[in-house]
Amino acid sequence: MTTSKPRLTTLDMVYIALFSVLIAICAWISIPATIPFTLQTFAVMCAMGLLGGKRSTLTVLLYLLMGSVGLPVFSGFRGGIGMLLGVTGGYLIGFLASTLAYWLLTHLLGSSLWVRLSGMVLGLVLCYAFGTAWFMLAYAAATGPIGLATALAWCVFPFVIPELVKIALAAFVMRVLPTRIKAFQQ
């Protein structure tokens, strides 16, 4: 009789829970704006780089589930399904698209540093695509139509440089932390 490896180990579940909480904590560190400046994407990128595609996807799913049932894990200590349906909800769902794209890319092309960084950048692009499209729909429903140029000016352009810095910091953490903590080695 052969024993099969469990799909998720206890350590996997601990990391998934830990990084879900880390995303929440990073959501609370914010500068209010139409689309608040937060450290959520930094935490999501760290999860991708340290946990890999599957575990980071499960991390974001858990985070979204916690928030959708009302736990105050989103920016501004808010929670509830209304946050996912509001103007910034597309960015939250975009985190899931980011991790799925990262998972697919690393599965197909391997986990070299350049593939992982490319996965993070692709994930960020998808997050902004989902988020901006949803923002335009939700904003139009609430106050009236908005043009793509205006939506990009409000929701994307101010964030590009900070997001690239977050990716660089996540890459640094991804390279340094596993050498310091053996458990993060994949």
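A few comments on the model shown:
- Distance between the modelled labels on V21 and T9, one decimal in nanometres: 2.0 nm (7 Å Cα→Cβ projection).
- Residue exposure sequence - M66, M45 - by fewest surrounding Cβ within 10 Å: M66, M45
- Residue exposure sequence - K54, K166 - by fewest surrounding Cβ within 10 Å: K54, K166
- Debye-sum result for the range 35-181 in log10 I(q)/I(0), which assumes one identical scatterer on each alpha carbon, at q = 0.17 Å⁻¹: -0.94
- Backbone amide hydrogens, once placed in the peptide plane, bring F37 within less than 5 Å of I31, excluding anything fewer than 5 places away on its chain.
- For the range 161-175, putting each phi into the Karplus relation 6.51 cos²θ - 1.76 cosθ + 1.60 with θ = phi - 60° gives couplings of 5, x, 5, 5, 5, 4, 5, 4, 5, 5, 5, 4, 4, 4, 7 Hz, in residue order, rounded to whole numbers and with x for Gly and Pro.
- I93, I25 arranged by Cβ crowding within 10 Å, fewest neighbours leading: I25, I93
Values in this text are rule-based calculations from the coordinates and carry no lab data. Just so we're clear, the structure is a prediction, and the values are computed from it rather than from any experiment. Because the Cβ atoms are built from the backbone with ideal geometry, glycine has one as well, and the counts that use them run over all protein chains shown.
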